[in-house]
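J.: This structure is in structure tokens; I'll ask about it shortly.
Derivation of every value follows stated rules applied to the coordinates shown; laboratory data play no part. Since this is a predicted model, take the numbers as computed values, not measurements. Glycine also receives a Cβ, built like all others from the backbone with ideal geometry; neighbour counts cover every protein chain displayed.
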Amino acid sequence: MLATCREQRATLLVDQDHPKVHALYRSWGWTTLGDLRPRLPGAPLFRAMLLGLPVAP
């Protein structure tokens with residue numbers, strides 16, 4: 001899905017209640033940037049992740 005993107009990087013948020021999902025993304029090369037909590041009452045804590053993408057031709 002990301003192979004044809006022209007962007008230099010992709011980001012995503014993983015709910016910290018799902019460490020297996022976080023580990024799966026790390027195994028695919030995603031890097032953890034830090035934690036993020038949206039400014040909404042009762043919002044969960046997320047891990048922000050980044051993946052550098054190859055330059056599409």
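J.: If you plug each phi of the range 41-46 into the Karplus form 6.51 cos²θ - 1.76 cosθ + 1.60 with θ = phi - 60°, what whole-Hz ³J(HN,Hα) values come out, in order, with x for Gly and Pro?
T.: Computed from phi, the couplings for the range 41-46 are x, x, 5, x, 8, 10 Hz.
J.: Hey, another quick one. To two decimal places, what compactness ratio does the chain give when its Cα radius of gyration is scaled by 2.2 N^0.38 Å?
T.: Ratio of Cα Rg to 2.2 N^0.38 Å: 1.27.
J.: Can you give the charge dipole size of the chain about its Cα centre, rounded to the nearest 20 debye, using +1 on the beta carbon of Lys and Arg and -1 on the beta carbon of Asp and Glu?
T.: Rounded to the nearest 20 debye, it is 60 debye.
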